[in-house]
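**Student:** One structure is given below, represented as structure tokens, and several questions about it will come after.
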Amino acid sequence: MKKRFIQILTAAIALAFSANAMAQKQNDPVIFEVGGQPIYKSEFMREFLKSIGKEPAAAPTACTYEKRKALEEYVDVYVNFRAKLADANARRIDTLISLKKELRGYRQELAEPYLIDSATMEHILREAYERNQYAVHASHILIRVNRNASPEDTMAAYSKAIEVYNKAIKGADFNQLALEYSEDPSAKGRISEQNPNAVGNKGDLGCFTVFNMVYNFETAAYNTKPGTICRPIRTNYGYHIIKVHEKMKYYGKSGLLHIWVKEGVGAEGKIRDAYQKIMDGDDFAVVCRNYSDDVNSAVNGGLLPEVELNQIPPEYVKHISETPVGQLSEPFHSTYGWHIIKVVKLDVLPPYEEMVPTYKQRLARDARNTAPKTAFAEQCKERYGFTDFTQTYLKQNKNSKAPKVYLASLKASVSALNDSVYRKKWHYRDGMVDDMRPLFQIGDQEYNNIDLLKFIEATQVYNPRKGNLDAFVDQKYKEFIEDRAIAYADSRLELDNAEFKALMDEYRNGLMIFSYTDKMVWSKAILDSTGLKDFYATESKKKSLDKEEDENYFWNTRAKIHIVRVPDNTILAPEKAEKAVARWQKKSGKASVLRDYIVAGIKDSASRKAVTVESKTVEDGKQTILNKEEWATGSYTHAEQNGYAIVIVEKVTDPCLKSLMEARGYYINDYQNHLDTELIKTLRKQYNVVIHKDVVDEITY
């Protein structure tokens, strides 16, 4: 009975497959076959249209000779590609370690966009761009608490933050509260004998824009109205109470001229005098040199280096946003003294599309980068099925009064850890864990405490502020679940995403063809010295000086020359040098002693060193030393700027064929083309390539 059922089922499947194949052949005919494998018209057209940059959905246009020729040429190209790919697979090129390593690198890079929630990523990028339009001037008070602090320590820090917040909203001076309560060292400063001017900022953070602060802090600051104080918000540093002073238009880097009069008696009067002189027509640079206490910029007319807004006082940022380019601000005061600025340049924030690459780079080091991954991990848990056994109760009798028990626990992981994990020194050892119950399951994969501990070992970071190990493990457990959910989706990308599979196939095939062609053609042509010599012996006989395409295989007329250069006529008169050359030609003629003959009559050692002799071979049409009438043996004197050069033509050689070594690069290239052509002929026979010309003839595009 069972055997008969299998036979009927097999026949039904075969019939369905046959019917589907017939339907496909009608709607999507086979354009050619390689090794018995059909390649359908749809696949070919996808690659062809991509190669010419035409959208598949675009309507066909009138057929022309050029279009038909381009199509037929690509048929040959694609057939050859598939024949090589078939042979590369037969030779198992894909098992090469170097290829597999390179493909892993490509895959990791290509998979990234598929392993995040694109909607969340788009929201984050748009949010960053909107925030980037403005700069925020804010102060804060920090109450520190470790990210992995115990619930008791967390509550104590929060209660203290609420206490300070209540004092602030009731009208207490925010600066004084920062000096008294803030645990940010910059609030109080670090005054010492060595650095008596290191006063604190009283919580004033100056101006900042997107990505200048941690994400939670940035979000709270941008969501708080100017002049108000937000409730305590949590970051990895602790609880922050933020007071937003102003929001101003952001211009990026600015080009500024400024005059600064440091704080002190008469400072305001001095800056107003300077301002009036400029308004009366005095040159800004002259007034700056006479009035500014910034000696570094005063010598440059008050010009400051281009800086970001978080590097200058907030008063500057405010006046930059209010002062048109080329105009002068009125005198204004800051904690540093009195100032006048003149804006000479303002950056304009580029369009959103241009900022996206910059934002993505910044995201790599920013907490908001986790949001698209977290959203994607939640989707994966929903899609593939997820069970958290640490939150799943053991089944009990409905009437049981016993306490409910979870199927798994993180206690084994907590017990295995110690404070060395905060110093990045903790290591997992076999036998640390007896509890082998699964903690959670994603798809068909289960993970236990050992897996969690190995994840903790691999991801631990240095954190001198020790926390509560229970809270630490809870946080790491959440990260581990997210990591494994994304890894599970990654492992199934080719199965679940046709677009990604096609992309990976394209990269894999490209790498295989590259490695295959390198082995069978490119490297072979270089390493096969005997084959190259035989190829040269045959092909060199076919070369002709009369063919323009063969000019690289021949030498033009060449001359072996020696060039004597005397940089100054006062060192040695040309007539004397010419006589020395004549003596050399008569008595020696050896290039190695030519200079000795020339400098024999020069007594001054510095002058002797100035005389140079160079020997070389030059080719007609590719040199500027010899004139047309000088292509004959003899010596020729050329006047130069202060001196002269004597060119001695020792030998002239008629045009001739280059040797294999002299034209090696050209012959290797030709040999590679020859090997490739012969390989294609062999492969087309070996894999019985069949091109269905009737299908090709019907193609329009």
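**Student:** With the Cα gyration tensor of region 457-609 in hand, convert its eigenvalues to equivalent ellipsoid semi-axes via √(5λ) and list them largest first in whole Å.
**Tutor:** Its equivalent ellipsoid spans semi-axes of 73, 37, 13 Å.
**Student:** With a 1.4 Å probe and every protein chain kept in, tell me what percent of the accessible surface of the chain is carbon plus sulfur.
**Tutor:** Summing carbon and sulfur atoms, their accessible area is 51 percent of the total for the chain.
**Student:** Run the 1.4 Å probe and let me know the accessible area of residue 465, rounded to the nearest 10 Å².
**Tutor:** 110 Å²
**Student:** Cross-link candidates for residue 41: which aspartates and glutamates have Cα within less than 15 Å, leaving aside residues fewer than 8 places away along the same chain?
**Tutor:** 28, 33, 72, 76, 694, 697, 698
**Student:** Continuing with the same structure: Averaged per residue, what accessible area in Å² does the chain show with a 1.4 Å probe, protein chains only?
**Tutor:** Result: 59 Å² of accessible area for each residue.
**Student:** Tell me, what is the FRET efficiency for residue 514 and residue 690 to the nearest 0.05, using R0 = 25 angstrom and their Cβ-Cβ distance as r?
**Tutor:** 0.40
**Student:** Shifting gears a bit: What spacing in nm lies between the two simple spin-label points modelled at residue 501 and residue 614, each 7 Å away from Cα in the Cβ direction?
**Tutor:** Simple spin-label model gives 6.5 nm for this pair.
**Student:** In deg cm²/dmol, rounded to 500, what helix-only [θ] at 222 nm does the chain give when every DSSP H run of at least 4 residues adds -39500 (n - 2.57) and the total is split over its residues?
**Tutor:** The helix contribution divided over the chain gives -14500 deg cm²/dmol.
**Student:** Right, something else. Rounded to the nearest 0.05, what FRET efficiency is calculated for residue 28 and residue 478 with R0 set to 60 Å and r the Cβ-Cβ distance?
**Tutor:** 0.80
**Student:** So what is Rg over Rh here for region 226-273, counting just Cα atoms and using Kirkwood for Rh?
**Tutor:** Here the Rg-to-Rh quotient is 1.21.
**Student:** Moving on to the next point. Obtain the nm distance between the two label points defined at residue 454 and residue 434 by a simple spin-label model: each point lies 7 Å from its Cα along the Cα-to-C-beta direction.
**Tutor:** Result: 2.2 nm between the two label points.
**Student:** What net charge is computed for the residues neighbouring residue 123, neighbours being all others with C-beta under 11 Å from the C-beta of residue 123, Lys and Arg scored +1, Asp and Glu -1?
**Tutor:** Here the count lands on -2.
**Student:** Another one. Any idea what Rg and Dmax come out to for region 111-180 if you just take the C-alpha atoms, in Å?
**Tutor:** Cα-based Rg and Dmax for region 111-180 come out at 18.7, 53 Å.
**Student:** Semi-axes, largest first, in whole Å: what does sqrt of 5 times each Cα gyration tensor eigenvalue give for region 426-484?
**Tutor:** 21, 14, 10
**Student:** Filter 167/253; 69/100; 360/381; 576/658 down to the pairs with a C-alpha to C-alpha distance above 32 Å, please.
**Tutor:** 167/253; 69/100; 576/658, as the Cα separations exceed 32 Å there.
**Student:** While we're here: What number results when the radius of gyration of region 64-171, computed over Cα atoms, is divided by 2.2 N^0.38 Å?
**Tutor:** With N residues counted in region 64-171, Rg over 2.2 N^0.38 Å equals 2.33.
**Student:** Still on this structure: So what are the three principal axis dimensions of region 137-274 from its Cα atoms, in whole Å, longest to shortest?
**Tutor:** 60, 39, 30
**Student:** How much length is gained if the chain between residue 583 and residue 370 is pulled fully straight, taking 0.36 nm per residue apart and subtracting their Cα-Cα distance, in nm to one decimal?
**Tutor:** 68.2 nm
**Student:** Need one number: the % of Cα-Cα pairs in region 402-450 sitting beyond the 17 Å mark.
**Tutor:** Everything past 17 Å amounts to 47 percent.
**Student:** Still on this structure: I'd like the accessible area for residue 230: 1.4 Å probe, protein heavy atoms, all chains in place, Å² to the nearest 10.
**Tutor:** That residue has around 20 Å² of solvent-accessible surface.
**Student:** Okay, next question. When you take every Cα atom in region 358-475, what is the radius of gyration, and what is Dmax, the widest Cα pair distance, in Å?
**Tutor:** So, for region 358-475, Rg and Dmax equal 17.4, 61 Å respectively.
**Student:** Expressed in nm to one decimal, what extension gain is obtained for the pair residue 147 and residue 600 from 0.36 nm per residue of sequence separation less their Cα-Cα distance?
**Tutor:** In short, 154.5 nm is gained.
**Student:** If you take the beta carbon distance between residue 89 and residue 446 as r and set R0 to 51 Å, what does 1/(1 + (r/R0)^6) give as a FRET efficiency, to the nearest 0.05?
**Tutor:** Computed FRET efficiency for residue 89 and residue 446: 0.90.
**Student:** Follow-up. Would you calculate the separation in nanometres between label points at residue 557 and residue 101, each defined as 7 Å from the Cα along the Cα-to-beta-carbon direction?
**Tutor:** 5.6 nm
**Student:** Still on this structure, please answer the following. Only one of the listed values, (1) 30.5; (2) 61.6; (3) 36.6, was derived from the coordinates as mean projected area of the Cα convex hull in nm²; which label is it?
**Tutor:** Among (1) 30.5; (2) 61.6; (3) 36.6, the one calculated here is (2).
**Student:** Find how much the distance from residue 277 to residue 378 grows on full extension, using 0.36 nm per residue of separation minus their present alpha carbon separation; answer in nm with one decimal.
**Tutor:** Using 0.36 nm per residue and subtracting the Cα-Cα distance, I get 29.8 nm.
**Student:** Here is a follow-up. Across 10 Å bins from the origin, how do the percents of Cα pairs in region 284-351 run, short distances first?
**Tutor:** In whole percents, the pair-distance histogram is 18, 55, 24, 3, 0.
**Student:** Take every Cα-Cα pair in region 36-127 and report what % of them are more than 22 Å apart.
**Tutor:** Here the tail beyond 22 Å accounts for 58 percent of pairs.
**Student:** Where does each of 432, 512 land when they are ordered by accessible area, with a 1.4 Å probe and the largest first?
**Tutor:** Largest accessible area first, the residues go 432, 512.
The values are calculated or read from the model by the stated rules, or taken from the named source; none is laboratory data. Values in this document were obtained by computation on a predicted structure and should not be read as measured data. Positions of Cβ are backbone-derived with ideal geometry, glycine not excepted, and every protein chain shown enters the neighbour counts. Accessible surface areas use protein heavy atoms only, side chains included; no ligands, DNA or RNA. Shrake-Rupley method; radii C 1.70, N 1.55, O 1.52, S 1.80 Å.
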